[in-house]
Structures are given as C-alpha cells and as structure tokens.
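Asker: Got a structure for you, written out below as structure tokens; questions coming shortly.
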Amino acid sequence: MDEKKKVMLSGIKPSGDLTLGSYLGAIKNWAERAEQFDCYYFMADLHALTTRQNPADLRRRTLEQLAQYVACGLDPEKNTLFIQSHVPAHAELGWVLSCYTMFGELSRMTQFKDKSQKNADNINGGLFAYPSLMAADILLYQPDYVPVGDDQKQHVELTRDVAQRFNNLYGETFRVPEPYIPKVGARVMDLLNPESKMSKSDDVGNGRVCLMDSPEDIMRKFKRAVTDSDTDEHCVRFDPQNKPGVANLMQIYAACTGRSFEEIEAEFTGQGYGAFKLAVGESVVEMLRPIREEAQRLMKDKAYLEDLCRTGADRAGRIAYKTLRKVYKKVGLVAAVR
Ligand code: TYM
C-alpha cells in the first residue's frame, strides 16, 4: 500500500492580476508537485479585503485566478482548488488564532509595516491581524510544506510559532509546517525598479508583467527593463548587489529556460544588453503563451468554473472542519448540537 502523501498548501490573494512573480515564485512550483504531494491551493479572497477593492474587479479576478491556476497546470482532479471564503472555517479558526498571536509579533511583520505605509489612510484591524488568518488557512489542512516566495516566509514562520504555542498549551493539535522556497524565482523584481519586488497590487504598470499580457506588451516591457551602464563584454553576469536589474533578468531567464547562471553568462558574452533583454522577453512570451490562451478559454466556461468551485470547497471543507472541531473542543467551546 502507498505511504500517505505529504500535504502541501498555498494561496494567492486576488488583489491584482497575477504576475510573472506570482507564477515563478509560486504557481510554477506548485504545478510540479501534484504527483508527489496531496495539494491544496486557494484564492485568498478574504485577505484581499485588507486593502480596498473594487467589488466587481475582485469577483472577476478571483474566478480568473482559478482559471489561471488550471491553465498553469494545476489539475483540479489531482489538486484541491478552492475559494477561501467558500470554506468559512478559515474565518472561524482565524478568530481563534488571533487570540493566540501576540500584538508584538503582529507589529513586527514586514508586510504590515509596508502596507501601512502604502495605505496610510486605511490601516485597518484586518491588515494587522492578517497573519492570524493566514495561520488558520495553513493549519486547518495540517500541511507539511507551504510553498511561498521569499516575501511570505516571515508569515509562515509566525504560523509555526502560533502552532507550537497552541500545541504546548493544549497538546498536539496542529502539524508544524515548513516554508518551501523555490531556488530560482523566489523574488522576481520590478523591471523598472529592481530594488522592489514585482507586485500585483501596486499600481505600477510597465515594471510588472501579467500572465494575461499580450506578447507585444511583454516584449515592450522587457525592452524597457532597467539594467546599468556597464559595457564590458561580460556585462551579463550575476551580481545582485551591484547589478540588481541584470540579476533579476538572469533569474527570470534561468527560471524560464532551466539554464544555470554560468550558462547564461557564457551565452551572452560579447553581446550587449539589447540582445539579452530580447532573449529574456521571448522566453517569457513563449512560457506564458499557452497559459494565457488556456485561461482565456476557461474563463468563457462559467459552468465549469462553478463546478470546480463547488467540488473544491466540498473537499477542502471536509478536512478544514475536522481540524476546527478539534480546536473548538480543545479550547473549551461547547459542541453545537445539529
Ligand atoms: P501574495 O498574494 O502576495 O503572493 C502569492 C504568492 O506569490 C509569491 N510572490 C512572489 N514570488 C516571487 N517574486 C515576486 N515578485 C512575488 N510576488 C508574489 C508570494 O511569495 C506568494 O507565495 N499572504 C499571502 C497569501 C496567503 C497565503 C496563505 C499563502 C494567504 N494565506 C496561506 C500561503 C499560505 C500573500 O499575500 O501572497
């Protein structure tokens, strides 16, 4: 008999259109793991509410994200795909865990500090308690691994602390998960501002490449990507400290083509940045073309998407409520009589 598969879980908030960063940092790695793990992936729509959303856009993006998950290779038969708000256990456990997450811990979160600066007129309670909800998202499914990009590592570490704290108080309740960070693509930077990460929520535009961008738009963005004034024949070399723009393009090219940095350096020796940027752009266009076409096709099939939502939420809900019932019992809530 097969040994029980390890569990993997992750989510993306539909607060903006998915980018090359979301793909290389997250979804691409998820799609490669379906055989090996029991996988849960969701649209973190409740998390998106922590910053103001246009309701119609949020609805569109949430469904589009589901179509994109499938188009990126997440087979709904092999992976449980669902919308976070369709499994109310997330909000329920989120509340409980917020009572086991300390004010000081939440205050130290880099994302909270960043987002507070960017949304100074809307530093709401949800933004602050965000990591408790994220801990609930994770711990409900008892995963072994949480595959995320570099920027989410701190939240997964806090989740571990909360899980351990709870287990120490009430006995073994949650599995303590590990973050699972990809070797390349863990931090795709903005093409025009390689000091900051490519973000789907920030209103930037030309520095970010979206999964649904046309090939012409993608090429235009790569042609304009920031490099530096180096004219050396080895100007294409990996030096993130001194050459952040070039290092970012190399990371992207490495992730798209599977080549190593040494191979890329050799390939572009004696060539200027013009040829390099074209090659990176073309590799991205070719990687994203089938994804865009398939997502567009799926978006037209509303019945199929609705069916996916229902099946995914049912499957996820069964596991989630098992954990939630256990937690309610441990903390002393009276079981509901049904
Ligand atoms: P979010 O929606 O900001 O990003 C989703 C995933 O994409 C990764 N990512 C990137 N990776 C590389 N380069 C980039 N430029 C880049 N931008 C984004 C992120 O690291 C992340 O893995 N809080 C989470 C969503 C969430 C979640 C969860 C994740 C909610 N609950 C439970 C895991 C488990 C977030 O805002 O990710």
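Asker: Filter the range 59-101 for residues that are assigned to a loop (DSSP other than H, G, I, E, B) and without any contact (Cβ under 8 Å) to a residue 24 or more places away in the chain; which is farthest from Ala31 (Cα to Cα)? Spell out the reasoning first.
Answerer: We begin by selecting, within the range 59-101, every residue assigned to a loop (DSSP other than H, G, I, E, B); these are 72-78, 87-88, 99-101.
Remaining after also requiring without any contact (Cβ under 8 Å) to a residue 24 or more places away in the chain: 77, 88, 99.
Details: Glu77: 12, Pro88: 26, Cys99: 34 Å.
Once the filter is applied, the top-ranked residue is Cys99.
Asker: So is Ala44 of a type outside the set (S, T, N, Q), more than 15 Å from the ligand (Cβ to nearest atom) and either open to solvent by less than 10 Å² (accessible area, probe 1.4 Å) or touching a strand residue (DSSP E or B) at 6+ places or on another chain (Cβ under 6 Å) (or both) or not?
Answerer: On the way: of a type outside the set (S, T, N, Q): yes; more than 15 Å from the ligand (Cβ to nearest atom): no; either open to solvent by less than 10 Å² (accessible area, probe 1.4 Å) or touching a strand residue (DSSP E or B) at 6+ places or on another chain (Cβ under 6 Å) (or both): yes.
Answer is no for this residue.
Asker: Could you tell me which of the residues Phe261, Phe222 is of a type outside the set (Lys, Arg), farther than 30 Å from Leu140 by Cα, open to solvent by 40 Å² or more (accessible area, probe 1.4 Å) and at pLDDT 95 or above? Quick ask: steps written out before the conclusion?
Answerer: Values: Phe222 fails: open to solvent by 40 Å² or more (accessible area, probe 1.4 Å).
Exactly one of Phe261, Phe222 is of a type outside the set (Lys, Arg), farther than 30 Å from Leu140 by Cα, open to solvent by 40 Å² or more (accessible area, probe 1.4 Å) and at pLDDT 95 or above, namely Phe261.
Asker: Also: Run Tyr23 past the list (1) more than 9 Å from the ligand (Cβ to nearest atom); (2) surrounded by 24 or more Cβ atoms within 10 Å (Cβ to Cβ); (3) at pLDDT below 95 and report the number of the one that doesn't hold.
Answerer: (1)
Asker: Can you tell me how many residues in the range 118-132 are more than 16 Å from the ligand (Cβ to nearest atom) and closer than 21 Å to Lys197 by Cα?
Answerer: Residues in the range 118-132 being more than 16 Å from the ligand (Cβ to nearest atom) and closer than 21 Å to Lys197 by Cα: 1 in total.
Asker: Between Leu288, Leu308, which is within 30 Å of Leu140 (Cα to Cα), open to solvent by less than 50 Å² (accessible area, probe 1.4 Å) and under 24 Å from the mean Cα position of the chain (by Cα)? Explain how you work it out, then say what you get.
Answerer: Values: Leu288 fails: within 30 Å of Leu140 (Cα to Cα).
Testing whether each residue is within 30 Å of Leu140 (Cα to Cα), open to solvent by less than 50 Å² (accessible area, probe 1.4 Å) and under 24 Å from the mean Cα position of the chain (by Cα) leaves just Leu308.
Asker: Looking only at the range 179-192, decide whether some residue is farther than 22 Å from Gln65 by Cβ, within 12 Å of the ligand (Cβ to nearest atom), open to solvent by 50 Å² or more (accessible area, probe 1.4 Å) and touching a residue at least 12 places away in the same chain (Cβ under 8 Å).
Answerer: yes
Asker: If I filter the range 195-210 for residues that are over 30 Å from Ala91 (Cβ atoms), more than 19 Å from the chain's Cα centre (by Cα) and either part of a strand (DSSP E or B) or at pLDDT 95 or above (or both), do I get at least one hit?
Answerer: No, the range 195-210 contains no residue that is over 30 Å from Ala91 (Cβ atoms), more than 19 Å from the chain's Cα centre (by Cα) and either part of a strand (DSSP E or B) or at pLDDT 95 or above (or both).
Asker: Another question about this same structure. Within the range 193-219, restricting attention to residues that are open to solvent by 70 Å² or more (accessible area, probe 1.4 Å) and of a type in the set (Asp, Glu), which residue is nearest to Glu286 (Cα to Cα)?
Answerer: It comes out as Glu216.
Asker: While we're looking at this one, here's another question. Does the range 103-112 contain at least one residue that is closer than 19 Å to Trp30 by Cβ, of a type in the set (Val, Ile, Thr) and within 14 Å of the ligand (Cβ to nearest atom)?
Answerer: From the range 103-112, those closer than 19 Å to Trp30 by Cβ are none; that's our starting set.
No, the range 103-112 contains no residue that is closer than 19 Å to Trp30 by Cβ, of a type in the set (Val, Ile, Thr) and within 14 Å of the ligand (Cβ to nearest atom).
Asker: Looking only at residues that are closer than 15 Å to Met102 by Cβ and in contact with a Pro (Cβ under 9 Å, 6 or more places away or on another chain) in the range 136-173, which one is nearest to the ligand (Cβ to nearest atom)? Let's see the steps before the verdict.
Answerer: If we filter the range 136-173 for residues that are closer than 15 Å to Met102 by Cβ, which is where we start, we get 154-155, 157-166, 168-169.
Now drop any that are not in contact with a Pro (Cβ under 9 Å, 6 or more places away or on another chain), which leaves 154-155, 157-160, 162-163.
On the way: Gln154: 10, His155: 6, Glu157: 12, Leu158: 11, Thr159: 8, Arg160: 12, Val162: 13, Ala163: 13 Å.
Checked the range 136-173; the qualifying residue nearest to the ligand (Cβ to nearest atom) is His155.
The values are calculated or read from the model by the stated rules, or taken from the named source; none is laboratory data. All of these numbers come straight from a predicted model, not from anything done at the bench. Ideal geometry is used to build each Cβ from the backbone, glycine not excepted, and the neighbour counts take in all protein chains shown. Heads up: the accessible areas ignore ligands, DNA and RNA and are worked out on the full protein's heavy atoms, side chains in. Shrake-Rupley method; radii C 1.70, N 1.55, O 1.52, S 1.80 Å.
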